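Asks: Sharing a structure with you now.
The values are calculated or read from the model by the stated rules, or taken from the named source; none is laboratory data. Note that the structure is predicted; figures quoted are calculated from it, not measured. Cβ: placed from backbone, ideal geometry, glycine included. Neighbour counts: every protein chain shown. Calculation scope for accessible area: heavy atoms of the full protein, side chains included, ligands and nucleic acids excluded. Shrake-Rupley method; radii C 1.70, N 1.55, O 1.52, S 1.80 Å.
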Amino acid sequence: MRPPTPLPFLPLLLLLLLLPSPPAAAAGGADGWEAIGAAAAAGGGRRRVASPEGQEAAAAGVLRRLLPSHARSFRFQIVSKGGVCGGSSCFRISNADGSRRNGAEILIQGTTAVELASGLHWYLKYWCGAHISWDKTGGAQLASVPLPGSLPQVKGTGVKIERPVPWNYYQNVVTSSYSFVWWDWKRWEKEIDWMALQGINLPLAFTGQEAIWQKSFNVTDRDLDDFFGGPAFLAWARMGNLHGWGGPLSQNWLDQQLTLQNKILSRMIELGMVPVLPSFSGNVPNTVDGDPRWCCTYLLDPSDALFIDVGQAFIRQQMKEYGDITNIYNCDTFNENTPPTNEPAYISSLGSAIYEAMSRGNKDAVWLMQGWLFYSDAAFWKEPQMKALLHSVPTGKMIVLDLFADVKPIWQMSSQFYGVPYIWCMLHNFGGNIEMYGILDSIASGPIDARTSHNSTMVGVGMCMEGIEHNPVVYELMSEMAFRSQKVEVEDWLKIYSYRRYGQSNVEVEKAWGILYHTIYNCTDGIADHNKDYIVEFPDISPNSFSSDVSKRKAISEVKKHRRFVLSEVSASLPHPHLWYSTKEAIKALELFLNAGNDLSKSLTYRYDLVDLTRQSLSKLANEVYLDAMNAYRKKDSNGLNFYTKKFLELIVDIDTLLASDDNFLLGPWLEDAKSLARTENERKQYEWNARTQVTMWYDNTKTEQSKLHDYANKFWSGLLKSYYLPRASKYFSRLTKGLQENQSFQLEEWRKDWIAYSNEWQSGKELYAVKATGDALAISSSLFKKYFS
């Protein structure tokens, strides 16, 4: 490891960002969150927790796996809340005692192993200039950490950082399908380490639940075969959105996932986390109206005694399998479903039944509920319906996730969820799409505003993205909000972030981040960002349905605050890629990134960011080219159509080549990870089909109608662009060109037949894709910049 690079500007900024301030008390609701925090964490003394020695060893294990060269440089010590921490959860960083026992230079104290790991991360960031992100977003930058024996000392008696709220929640109920589905223990171990370093103490733990259901339901294996979805679609089978799609699950899968879950939970407990386990929502195996192969599940009536019996049996079966490890259970009966009636009495009875089933299985149960339903189906969930559900359980026995608080905070319009404790969450991502996007100002201030508001019932912060491993700047800032009691000055914070991420100071890239902060990471239009760029979500419509002039300036424009696109020239059937910033300014940032290449080209984090920003710039350009092609077609301009068609297809190929230069933008690993879990050839085929289908057609189709969810989980991955998105666009434009030449209208249904048949064949394919990068990312990005933007 090389000697540390000087940190010329860090001391001044550390005064602004690092030193803690006393946590500001909420304006009125402190008793509420303190009570639920104590109840959920302690559970009347029943919940099993790791010993202080065990947690210290667990924190040391995180350090050993992250930075083995410094395994003896830190000493960890669990302390009580009433001692060093003054009654709160905290970590304290100080110099080790004078003797430097066992070579330790720095002492990290904390109330749990999560606080110990968070303190380690804080020290590495703000004393050593290090950076830690997911491997698939560039990984960790640890070269700036001084050698053992030379670690920077902490001034005075040390620095104490307190949690202003007790909980730091992690995951969405669909993250298990979009991101975790093919993980083995090695990858899970790395993720749990990352959670601990980010201060996450309330993670969702949904793996392996189908094996518990198998032991809880008194039905045949054949019935369960028709009930459980395939591995890549389990999240929606669990919510009752579908059944059987992509299945059945083999006994090998059920056993394998249950074994994995036991390892996951054991490590979470060792680190002092409180895992959130699933509970019974009322969905049971049964064939109902609709396509009996995939559509729908049966919702038990809450007045049916079986509702309580099944729910209780499921909780007890989990306790039998895992032990008494948690009191917090998730249940989302109407996530992406609408109740059969809006009668408050029915909604209240259902909520009561759900909680009664939980509490009979575990008398200290607390219900954790995603608040997404209040946003996604706002027309249904008016004040009477919300109150009926939220007040259907005893006071202090429910926590609501304000799932989309970074864009549409429900706490503001519901009087603090009508007195029910909630967690301020950032949703940020849909479908695991790859898109540079964020609202850094909202993240830096939203949790503080919520916590200090009048009669606040906020009890935590959380990250609830549908898919992970993208936009590392967003997730690092959001993680820090678990330990910040005051708003963050984002511009100053980004200067430190830039230094830490790349391991050295660079004026060009620092300027670039200043631009990105005010453009890509400043989305204030109130729109949920779901990547609909034309390359990855190609319009399934006839150009004949367009109006006379498709104006790219109006079809793709910077939107006004709280408004969606207003398109007078374009049919409502034309999808509208989300664009909330000046692409010219983003291209300036890209040029600055390229200018820094000579200094930063060896940095994996720099390479990831460069490839991602180049990809985004080219994709937004492709949106304009698509509309140019449509205009040429409408004007019967064959030369123009040929020109723009060629440019659009060339952009797909060039972006694929760019993505192939970084390991983190490849289709191959997704498919190989899926196949690696199989033990039989049938499983291998099934898992690969699941993996291919989720990122393409997603759900069922007919010969002439794509799935309504096609491209929902689209990905900018090398291999996927050339083998899937390119043929789709090529088939479309070939028919456009032929129709123009022969003076015939576009045959939409014929294109659909051709395209859907190709898609289904691709979904069942076995061809191999690269798992290692090829090419020089900096050289390719520079070449493409000159080709398209000079």
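Asks: Which of the numbered conditions does Ala779 fail, given that it passes all the others? Conditions: (1) open to solvent by less than 70 Å² (accessible area, probe 1.4 Å); (2) over 30 Å from Ser603 (Cβ atoms); (3) free of Cβ contacts under 8 Å to residues at least 60 places away in the same chain.
Replies: Exception for Ala779: condition (2).
Asks: Scan the range 48-75 for residues that are of a type in the set (A, V, I, L, M) and either assigned to a loop (DSSP other than H, G, I, E, B) or open to solvent by 20 Å² or more (accessible area, probe 1.4 Å) (or both) and jot them down.
Replies: Those that are of a type in the set (A, V, I, L, M) and either assigned to a loop (DSSP other than H, G, I, E, B) or open to solvent by 20 Å² or more (accessible area, probe 1.4 Å) (or both): Val49, Ala50, Ala57, Ala60, Leu66, Leu67, Ala71.
Asks: Also, I was wondering about something else. Has the range 236-244 got at least one residue that is closer than 18 Å to Pro275 by Cβ and buried (at least 23 other Cβ atoms within 10 Å of the Cβ)? Please lay out each step first, then the result.
Replies: In the first step, residues of the range 236-244 are kept if they are closer than 18 Å to Pro275 by Cβ; the result is 238.
Subset that is buried (at least 23 other Cβ atoms within 10 Å of the Cβ): 238.
The answer is yes; a qualifying residue exists.
Asks: In addition: Evaluate the following for Pro11: is it modelled with pLDDT under 85, not in a helix (DSSP H, G or I), not acidic (Asp, Glu) and not assigned by the TED database to the domain that holds Leu147?
Replies: no
Asks: Okay, next question. Identify, please: which residue in the range 570-618 is aromatic (Phe, Trp, Tyr) and part of a helix (DSSP H, G or I) and is, among those, surrounded by the most Cβ atoms within 10 Å (Cβ to Cβ)?
Replies: Phe593
Asks: Please pick out the residue among Val181, Val174, Val219 that is open to solvent by less than 20 Å² (accessible area, probe 1.4 Å), among the β-branched types (Val, Ile, Thr), under 30 Å from Ile347 (Cα atoms) and outside the structural domain of Asn760 (by the TED database).
Replies: Only one candidate passes the filter, namely Val174.
Asks: Go through the range 332-345 and give me each residue that's within 24 Å of Trp236 (Cα to Cα) and either touching a Phe, Trp or Tyr at 6+ places or on another chain (Cβ under 6 Å) or not hydrophobic (A, V, I, L, M, F, W, C) (or both).
Replies: Across the range 332-345, the qualifying residues are Asp332, Thr333, Asn335, Glu336, Asn337, Thr338, Pro339, Pro340, Thr341, Asn342.
Asks: Further question: Hey, any hits in the range 664-682 for a residue that's out of contact with any Phe, Trp or Tyr (no Cβ under 9 Å at 6 or more places or on another chain), closer than 20 Å to Lys787 by Cα and surrounded by fewer than 18 Cβ atoms within 10 Å (Cβ to Cβ)?
Replies: Checked against the condition, which is being out of contact with any Phe, Trp or Tyr (no Cβ under 9 Å at 6 or more places or on another chain), closer than 20 Å to Lys787 by Cα and surrounded by fewer than 18 Cβ atoms within 10 Å (Cβ to Cβ), the range 664-682 yields no hits at all.
Asks: Which of the residues spanning the range 760-790 are touching a helix residue (DSSP H, G or I) at 6+ places or on another chain (Cβ under 8 Å), among the β-branched types (Val, Ile, Thr) and farther than 18 Å from Leu651 by Cβ?
Replies: Val771
Asks: Could you give every pair whose Cβ atoms fall below 6 Å, whose first residue belongs to the range 429-440 and is within 10 Å of Ile520 (Cβ to Cβ), and whose second residue is of a type in the set (D, E, K, R) and in a loop (DSSP other than H, G, I, E, B), counting only separations of at least 6 or pairs across chains?
Replies: Tyr437/Asp529
Asks: Scan the range 75-133 residue by residue and report those that are under 26 Å from the mean Cα position of the chain (by Cα) and of a type in the set (Ser, Thr, Tyr).
Replies: Listed by number, the residues that qualify are Ser89, Thr112, Ser118, Tyr123, Tyr126, Ser133.
Asks: Now, a different point. For the range 727-748, enumerate the residues that are within 30 Å of Trp670 (Cβ to Cβ) and either open to solvent by less than 40 Å² (accessible area, probe 1.4 Å) or touching a Ser or Thr at 6+ places or on another chain (Cβ under 9 Å) (or both).
Replies: Pro727, Arg728, Ala729, Ser730, Tyr732, Phe733, Ser734
Asks: Same structure, new question: Taking the condition surrounded by 24 or more Cβ atoms within 10 Å (Cβ to Cβ) and in contact with a helix residue (DSSP H, G or I) (Cβ under 6 Å, 6 or more places away or on another chain), does Asp402 pass?
Replies: yes
Asks: Does the range 174-183 contain at least one residue that is over 15 Å from the mean Cα position of the chain (by Cα) and either farther than 30 Å from Ala777 by Cα or not acidic (Asp, Glu) (or both)?
Replies: Yes, the range 174-183 contains at least one residue that is over 15 Å from the mean Cα position of the chain (by Cα) and either farther than 30 Å from Ala777 by Cα or not acidic (Asp, Glu) (or both).
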